[in-house]
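Engineer: Before we start, here is the structure in question, set down as structure tokens.
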Amino acid sequence: MPSLQVRDLPEAIYRKLADRAQREHRTLSQQATVLLAKALETSPSPKERRQRLLKELRERPLVESWEGVAPPETLVREDRER
């Protein structure tokens, strides 16, 4: 994984980053990565990704059409006959 070194980071920015990292229970590196990802509008956080996926699952039906789908008892019978 690539790494990034920031030289001459202003003290005020460093302190804000360190404070936020501590509040969020993250390391400085993790917090910087999260903030850069948000600022650059890259992949969302796992929590946001999970929420979006759950929303998509709620909005679409599991099966488009039940036409052509065998009833459960037929599937069980076929399985037992194997």
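Engineer: Collect the residues in the stretch 62-82 that are charged (D, E, K, R) and either modelled with pLDDT of 85 or more or surrounded by 10 or more Cβ atoms within 10 Å (Cβ to Cβ) (or both), keeping them in residue-number order.
Structural biologist: Listed by number, the residues that qualify are 73, 77, 78, 79, 80, 81, 82.
Engineer: Which of the helices (runs of 4 or more DSSP H) contained wholly in the stretch 26-82 include at least 1 residues that are in contact with a helix residue (DSSP H, G or I) (Cβ under 9 Å, 6 or more places away or on another chain), without any contact (Cβ under 8 Å) to a residue 24 or more places away in the chain and within 24 Å of residue 9 (Cβ to Cβ)?
Structural biologist: Fully inside the stretch 26-82 and qualifying: 28-39.
Engineer: Pick out the one residue from 55, 47 that is within 13 Å of the chain's Cα centre (by Cα) and either at pLDDT 90 or above or farther than 30 Å from residue 3 by Cβ (or both).
Structural biologist: Exactly one of 55, 47 is within 13 Å of the chain's Cα centre (by Cα) and either at pLDDT 90 or above or farther than 30 Å from residue 3 by Cβ (or both), namely 55.
The values are calculated or read from the model by the stated rules, or taken from the named source; none is laboratory data. A quick note: this is a predicted structure, and the numbers were derived from the prediction, not measured. Cβ sites come from the backbone with ideal geometry, for glycine too, and all protein chains shown count toward neighbours.
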